[in-house]
Amino acid sequence: MRRARQGDEEAYRRLLGHVSPWLRAVVRRGLLAAGRGPADSEDVVQEALLAMHLKRDTWDETQPVEPWLRAIARYKLVDHLRRRGFHDHLDIDDYAEEIAVAVDTDASVDSQALLAGLPERQRRIVEEISLEGRRAAEVAMRLGMSESAVRVALHRALKALAAAYRRDPT
């Protein structure tokens, strides 16, 4: 990178040859961590390489180049995910059985008392999804809510139940 910044074209070509595969791996891991496939990785890599080229004068020669490049890749990946409408999302229906089993397995807990401490709508959502096995979409329709609002309410209710249990596990 030092020689490339001084105008050595061969050094710049070698730098690109070393950096490109490394960036591809970094970007692919980032996309996979975000729940995306590697299909868009080449676009992000090209954006990162262009940013590296345009911003190469900002690199501090007294520092390693890898963290500087990793930061560029991370920012380009975040930009890409934002443009594509990234939403961190888990489908609670995938965990419905585990939630129901977790509620059913601890008979010593007075689950009805814990549920009674929830606001009415949250209590109904927990009962219908976790105890009765209904899908979030079905509960949303029954309660006149959006599916995402039901998921948020369920998450908050389960968090509140866990906090209540920690306060008084009897």
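Rule-based calculations on the coordinates, nothing more; no lab input. Everything numeric here is computed off the predicted structure, so don't read it as measured data.
Full extension of the chain between Arg82 and Arg5 gives 24.6 nm of extra length, using 0.36 nm per residue less the Cα-Cα distance. Of interest is the spacing of the C-alpha centroids, which for segment 136-170 and segment 1-38 amounts to 44 Å.
Under the 0.36 nm per residue contour assumption, what length would be gained going from the current alpha-carbon distance of Arg56 and Ala33 to full extension? Before the final figure, lay out the partial values.
Working: separation 23, 0.36 × 23 = 8.28 nm, distance 2.76 nm.
5.5 nm is the gain from fully extending Arg56 to Ala33.
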